[in-house]
Structures are given as C-alpha cells and as structure tokens.
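The values are calculated or read from the model by the stated rules, or taken from the named source; none is laboratory data. Here the structure is a predicted model, which means the values were calculated and not measured. Methodologically, a virtual Cβ is constructed for each residue, glycine included, from the backbone with ideal geometry; neighbour enumeration extends over all protein chains shown. Heavy atoms of the whole protein, side chains included, go into the accessibility calculation; ligands, DNA and RNA do not. Shrake-Rupley method; radii C 1.70, N 1.55, O 1.52, S 1.80 Å.
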Amino acid sequence: MSRKIYVTLMILIGIMSLFKSVSQIWAAQQEESIFTMEEIVVIASKYPEQVLDSIASVEVISREEIEASQSENLAGIIANVGGLEVVDYGYSGGIKSISIRGSSPEQVLILIDGQVANDPQTGKIDLGLIPADIIEKIEIYRGPASALYGSNALGGVINIFTRQCEEDQLVTTGIDIGSYKTRKYAVSYQSKGEDISTYLTGQYYKTDGDRENSQLDKIVFMGKLSNELDEQTDLNISLRFHDYNQGLPGATDYPSPEAIQKDRNIGLNLNWQTKEEDRDLKAVAWFSFHRVFFDNPGMFGHTGPSIHKTYNTGFSFDSTHYNFSFDDKDDSDSGHTLTWGGEVISNIIDSADIGNHQAINGAVFIQDSWQADEDDDFKLTAGIRYDYNQLFGGQFNPRVGLNYRLEDEVSFHASVSRAYRAPTFDDLYWPEDAYTGGNPDVIPETAWAYEAGIRYFNDEGDMQAELNLFRKNASQLINWALDEVGVWRPSNIGSAMVDGVEVLLKKELNEHILGNVSYTYLDAKDLDTDTQLKPKHKIGVGLHYSDQVGDNDDNLMIVLDGYIVTGRPDNLEPYYLFDANLSQDLTIDEEDNQKITLQFSIKNLFNQQPELVSGYPVQGRTFLAGISTEF
C-alpha cells in the first residue's frame, strides 16, 4: 500500500474516532433521530416489499442523501456505493459510466420513472446527463435481473424516481459559483391543487473546465403534472429536456483542441398506477428523442460533422395480485403473490455513420412469490421472462430465489438467475472501412449468476448490515478485436467469470452522526486470456453529521464521503477520491416558511488525479459555494 493511501486511512480513522467520541457525549441529548433509513423497496420484485424480504441485494438512496452529496449528476451520487464502480473520463463533460459487480456499462440497465434510458446506439448511458436536481429516490439492484427487466440487465439495474410536488406552493431559487469559472443557476416551482399538482424545475450550468477545450454549457428542464384520479389511482405526466454543449479535450497524449459535441434529449413519460386492496396495476408509456452532434475540424481526413438521432418509444405494464389463488377457492390466505406483465420497445436510429435502422423488442414475464402465511419466515420466488427481438430472436431468462427470516431483524437470501445483453446498433452496423466494421452476425451476451447473502436491519431502524457472496459466469461476450484480415470488429469470442464479496454497513452513531462503510472484493477474469478485468478492492467510507441549531431548529449538515480502490488491472496505482460538503439552513420568516440555504463543497478533497480511463486524468480539487432560497 502506498504511503499516500496509508496516511489517508490514518486520517479517516482519526476522524471516525473523533466522531465516535463526540457521539458518546451527545448520545442522550436528543430522543428522536433526524436520519431515516429506507425499509421499502420495489426494484427487486416489481412490488413494494421490505428490504429484509428481498431475494436480491438492493440499495436505496433517499432524497436526503442526494442533497447531502451536493452532486451535480447521478455519477457523483452513486460513486461511493458498495459493488459499484463509476468510470469517469475526468473532465467536466466527460462520459461517466457505471459498472455493477464487474459488469460492462452496456450490461447495466438504467430506468427513469420506469422508462428505459440506455442509448440503443451504444447500449449505455452517460450518467453525467442525469442531473441530481430531478432525482427523488434511487433504487439499485446488484446483479443480473433479466428475469424481470430483460436486456441490458445482465449486470444490474438502477431505477430512478424523479421529483414531484410535495408542498402546497413553494418556489426555490439558487445560484452556485466555483472553480474554473463554474456557474449554476437553478429554479423550481411546485403547487398542489385539489386534483392536479405541478412540479417544474430548471437549471443553467456553465464551466470552463480544467483542461484546454473541456468547457461545458448545459440547460436542463423537467416538468411533471400529477393527477389523483381517485383514492387508489394516480396519473403522472412528465417532460424532460436537456441541451449539452461541450468541448472534447481528448487524451493527454492525443489532445483534440477543436473537438466539440452537442447532446439534446427530449423525453415524455406517462405513468399510471392504481392500488386496490389485493392488487396493484401499473402502466408506463414513453417517447424519447436524442440527438448527438459531433465535430472535430482538427481530425485527420475531416469530412464534416457527424450527427446521430435515436428515437425510443415504449410501453410496459405490471400487475401484482396479492394472495392469488390458482383455483376457484377463496384466495384470502393463499400465500401467493403473482406478478406478471409485458413490454414493447421500438428503437430507431438515423445516423450519419451507421445509417437508418430499427429494432423492436417485445417481452412478457411472470413471477410467483410464495409464503405459507404472513408469519412464515420462508419465502420462495420463481419467475421467467421471454424477450423476442426482430434482429436476433428470442431469449428465456429464469430466476429462482428464496428468503428466510432467521430472526425478526436478520434474513438470509439466495438466488440463481440467467441474464442477457443485446447487441447495440454500433455492434451490428458500424460502417465498414479498412480499419473498423460492425458485425450483423453477433448474438446476445448471456450469463448465469449465483448469489447468497445475509442482512441485518434492526428494529430501531438505525443500523443496516449486509454480507453477499456472488458468482457470475458470462459467455458469448461481445469483444471488439482485430479479425483475421486486420479489421477491428465485434464478435462473440469472450467469456468471463466474476467472483465477489460485498460487506455493507450503515449505522447511526447517535442522533446526529450517520456512518457507512463498505468493502467490495472482485475477482473478475477473462477466461480466454486469463487476464484481470476490474479492480479487486474497493473500500467506501462516509460520515454524515446533522443537527438542528438556533431558535428555529435550522438544519446543519456536514458530510465526508469517499472511496479507495486498489488491486487495479495491469498493476496500475491505487487511488482514493473523497468529497467534503457543508450546508446550513437559515430561517428568514417562520410564519411564511421562508428560508435560505448556504452550501459549500470540496470535490476531490485530496487533489488526486488518477486515470480511470487511460489518458484522461480525473479533475483535481474543485470548490463550489452556493445559496438558495425557499418562499
């Protein structure tokens, strides 16, 4: 271990010891905790259940935690989560992609309000394009989930719930300034009527960046109308828009001082759900348009800009019937929870490089969770999904899992599942020349996954702990490599095995301090070349201090979050990245609920600049200070 890593660990241990001592002093000062830990999750079974009852490893990130992170986008929010790796090109607008348990970014499915957000051209999504301001809650499913979610869920799923109206009427405005001439202006409005509630939010963000030609200029907007049709039924309609203009600095050895990219995305989402006494129904319809403009006048052989347009249209529905009976008898005590549904998605691309293409995918799934009675400690879940794609045919993906309550606060879970990842438009249709070309004959990647774990969630709700063991055997992996004639093209020649361990702990040290620690061990190997694919060790650490101060009990929040990565492939140096954040609420008029919030954050506290992608160092230490008002 390098001297810098050792010194950092000693500093963190010292800070934790200090907070522990402080927590003992304050332990009796306040009866009620000001932190909350999420107990209910939807992503693991497509219906609400307690985290302790899930057959998979899941994580929930609340709005409180999102605000405490003071992150600009999704990447910053989830970077410290156990089992996850965020791969960052470093500069302000650089691509930020996600890996779960050693997966590729194309193997992680991203959902926004139930809508598939992955780009059909590349198969992945830039996490930097999902602003933190629009996110209410995040649910993370670690491990393959194609039995419920289909393609792209070979590595895991991240489900994002966007914000909606919570106040009768509230206006929030904010301004932030920081390093490299960074400026951010934000405004939101929410109003709750008798039947219809409105939520609007928008921001303008601009920075010069830390490298030549790394500037970023973006506009983001989201609007949502929520209508309570009756006591059981809700309808939400949302519109999302973003416009990003950025410079692409290129690798440090091969800079591109003239390259630019413009991203524009428009998304429309309609979300309907009803909850009856013994049944839940949900339907989601969406349309998304994404336009990418790329130009690099300084590139050798430049022939003009490249424009790519993708159109994504989809419809999905889920039905969950509690205490379902498979015969005509009274089903009030059957113990079966039956979930079934379907999905149709059309992806169209109009690209200057790969031409015009369309892919339609249809799917149906069914899942049964059986528990003899409400007090029974054992739950068995089995399900299967069938996807049919017009380009490569059908895929069956089953999953079988169990959950056993060892004690009221402790549960054991285990599962076996199959998953797949479909080829992208780039894989299939990349234009042919003397150096590169697509391959219309590639077929989906597949994997079998095995997992077992134990969870602890105490009755007071102030401590969570989890230990997971997992293995994934992947085959038919799509690898881009030189073929027999020296052309760089994809083919199904890869196979890999990933073994791993996760240890996750979150604990309220007292009513003011929340600490979390995670450790992830990965042994991810390419079975064909016997090479290491991913870093072996990741340690995550977080400390959140919160208190109500002053006559108006205004909230004060101090956060230190970060992680250490060692055992990188090719003997690359270990690295550590930490952030520190401070926020303070100040009440101006208690009667009219008017307040201001002061914020200050230091990103990359120790000014480390590792290259997570070769030639692209992480941006060094930056500062951001802001003020926002509510009235």
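Quick notes on this structure:
- Loop sites in region 461-562: GluC sites (Glu not before Pro), DSSP, at most 13 other Cβ within 10 Å: Glu484
- Restricting region 430-521 to chymotrypsin sites (Phe, Trp or Tyr not before Pro) that sit in a DSSP loop and have at most 14 other Cβ atoms within 10 Å of their own Cβ leaves Tyr435.
- For the pair Asn473 and Asp230, a Förster radius of 45 Å applied to the C-beta separation gives a FRET efficiency near 0.40, rounded to the nearest 0.05.
- Sparsely packed chymotrypsin sites (Phe, Trp or Tyr not before Pro) within region 248-313, loop by DSSP, other Cβ within 10 Å at most 12: Phe300
- At q = 0.06 Å⁻¹, base-10 log of I(q)/I(0) for the chain (Debye sum, equal scatterers on each alpha carbon): -0.32
- Net length gained if the chain between Trp480 and Ser62 were fully extended (0.36 nm per residue, minus Cα distance): 146.7 nm
- Using a cut-off of 26 Å between Cα atoms, the listed pairs Lys137/Lys184; Lys506/Lys595; Lys137/Lys536; Lys137/Lys525; Lys184/Lys603; Lys206/Lys538 include Lys506/Lys595; Lys137/Lys536; Lys137/Lys525; Lys206/Lys538 as exceeding that distance.
- Its Cα gyration tensor gives region 291-397 an equivalent ellipsoid; the semi-axes, largest first and in whole Å, are 48, 14, 11.
- Near Pro617: Cβ cut-off under 11 Å, other residues only, Lys/Arg at +1 and Asp/Glu at -1. The net charge is -2.
- Of the accessible area of the chain, computed with a 1.4 Å probe over protein heavy atoms only, carbon and sulfur atoms account for 54 percent.
- Using a Förster distance of 45 Å, the FRET efficiency for Tyr386-Ile219 (Cβ separation, nearest 0.05): 0.65
- For region 271-403, the solvent-accessible area works out to 52 Å² per residue, with a probe of 1.4 Å and every protein chain left in place.
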